[in-house]
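Nothing in this text is a laboratory measurement; each read-out follows from the coordinates by a stated rule. What you see is a predicted model; the values in this text were computed from it and never measured. In this analysis, Cβ positions are derived from the backbone assuming ideal geometry, glycine residues included, and neighbour counts consider all displayed protein chains.
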Amino acid sequence: MPAIAAIRSVSKMAHQLPIGSQIGLAVMVLGIAADLVAHLDPALDHHHGGVTGPELSAHLVVFVGMALVLIGVVIDGVRSGRPSGGSVTQGR
């Protein structure tokens with residue numbers, strides 16, 4: 001049951017993220033799953049130190065997901081840092 005509690009905890013934290021970050025997190029999960037499949041596929045020619053096309057593609061998807069998470073956090077920070085009023089008063 002500790003695994004179920006951990007999944008619930010992670011799910012609760014993920015729902016508190018901005019929507020852009022949630023999308024990025026979903027993209028990262030897909031990329032990680034694709035990366036696991038690409039690395040474990042016995043049909044691919046795995047050379048020591050070499051990287052196949054599917055592996056590179058999966059890494060790129062994870063990278064894009066990380067960028068989306070970061071962009072979502074930055075946009076949320078900029079929105080929350082702005083004054084909520086319609087006009088900005090200037091000091092004289």
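Structural remarks
- Here the simple spin-label model places points 7 Å from the Cα toward Cβ, and for residue 51 and residue 29 these points are separated by 2.5 nm.
- Estimated inter-spin distance, residue 37 and residue 22, nm [label 7 Å along Cα→Cβ]: 2.5
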